[in-house]
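S.K.: Supplied in structure tokens, the structure appears directly below.
The values are calculated or read from the model by the stated rules, or taken from the named source; none is laboratory data. Predicted model only: the values in this text are computed from it and were never measured. Because the Cβ atoms are built from the backbone with ideal geometry, glycine has one as well, and the counts that use them run over all protein chains shown.
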């Protein structure tokens, strides 16, 4: 893919599709809450938003995709990583 924003959106899409089909076990990366959370945290900025990739500026689309994917994966670590105050 051409840019990081699309990569986060793709990860969000795969997370939701697998969740809809109740098939999260088919995607080992998505069943490991820590790995998913760390993937998104690497793209999070001090303003609470998420860039499309490491070091990129926060963007509404990337932040939307990241928050949705983290909420879908669930778990304390994933949900706590969403900086609601800064956003």
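S.K.: Among the residues of the range 17-49, write down those that are within 14 Å of residue 67 (Cβ to Cβ), surrounded by fewer than 16 Cβ atoms within 10 Å (Cβ to Cβ) and either touching a strand residue (DSSP E or B) at 6+ places or on another chain (Cβ under 7 Å) or modelled with pLDDT under 70 (or both).
M.R.: Across the range 17-49, the qualifying residue is only 47.
S.K.: Let me ask something else. Could you list all residues from the range 51-77 that are under 9 Å from the mean Cα position of the chain (by Cα), surrounded by 15 or more Cβ atoms within 10 Å (Cβ to Cβ) and over 11 Å from residue 11 (Cβ atoms)?
M.R.: Correct list: 63, 64, 67.
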